[in-house]
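Reading through the structure tokens given below for one structure.
The values are calculated or read from the model by the stated rules, or taken from the named source; none is laboratory data. It should be emphasised that the depicted structure is a prediction, and the values quoted were computed from it without experimental measurement. Here the Cβ positions follow ideal geometry from the backbone for every residue, glycine too, while neighbour counts run over all protein chains shown. Ligands, DNA and RNA are stripped out before the accessible areas are found, and what is left, the full protein with its side chains, is counted by its heavy atoms. Shrake-Rupley method; radii C 1.70, N 1.55, O 1.52, S 1.80 Å.
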Amino acid sequence: MDLISSLPAFVLAVMLISASPGPAMALILRRAALHRFSGAVPTVLGLEAGLYVWALLAATGITALVAASEVAYLVLRVVGGGFLLYLGFKAWRTAWRGVAVGEAVTGEPGAESSRSWWKAFGEGAVVMLANPKIAAFMIAFYPQFVPAGRPLFTTTALLAAVQVAVEIVLYLALAAVVGRAGTWFRRPAIRRGLEAVSGTVLIALGLRMAVESR
């Protein structure tokens, strides 16, 4: 199978996978609703940076070792699930207090500082890197699109770059749509409700990741 001729099928598969609900989608929707489009950008970039690291690890064979190791897989499940629980409980705490950090009395969020930008980027990267399902996905998905005879590392890195580009476009488009309704989402009562709901979703995803078997 030629790499160029397989790209349309690869892009379509990536689009379908990206649209599925999960931790990444939950984080992006929450950030876009509460912090506008600009607030969701670092989260998207962090998620995609984590994805690209997993792809490079898959090309070197490290991902396969992680997926095959019961201990490594368990550690990632616990760390990833625990981090989602942390984010979920933090959202619950914000809802309980009634005023989010950086939110003015009017209900408008504060400007994104450099520190908050990198914090959001880091949250996205950790959520992606601590998800053992990504390791299993990489070793099952990418080999289908690597033609025989082509260098594994270079081809995987290229395919991963395509996936990252496609997902960045899709996720930022979603963030832009949600961000346009941000004024409504950031009303104090609506914001508290959204924090409570998003916290519940993140906690549920964290529990599922922590206890779910392969």
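Numerical summary
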quantity	calculated
5 angstrom amide H check on ASN131, placed H, neighbours 5+ away	none
Anisotropy class of region 133-214 from Cα gyration tensor, a/c 1.5 cut	oblate
Cut-off under 5 Å, modelled amide H: who pairs with GLY22 long-range	none
Note, ³J(HN,Hα) from phi for region 20-29, Karplus 6.51, -1.76, 1.60, rounded to Hz, x at Gly and Pro	6, x, x, x, 4, 4, 4, 5, 5, 4
Cβ charges +1 (Lys, Arg) and -1 (Asp, Glu), total dipole of the chain, debye	680
Positive-end residue of THR156, ALA135, MET209, charge dipole of region 126-214 with Cβ unit charges	MET209
With every protein chain in place, the chain: carbon and sulfur % of accessible area (1.4 Å)	73
Options (i) 1.01; (ii) 1.08; (iii) 0.93 - which one matches Rg/Rh (Cα atoms, Kirkwood Rh) as calculated here	(i)
Extreme residue, positive dipole direction of the chain, given options SER69, LEU51, VAL177 (C-beta unit charges)	VAL177
Expected 222 nm ellipticity per residue - DSSP helices of 4 or more, -39500 (n - 2.57), all of the chain, to 500	-27500 deg cm²/dmol
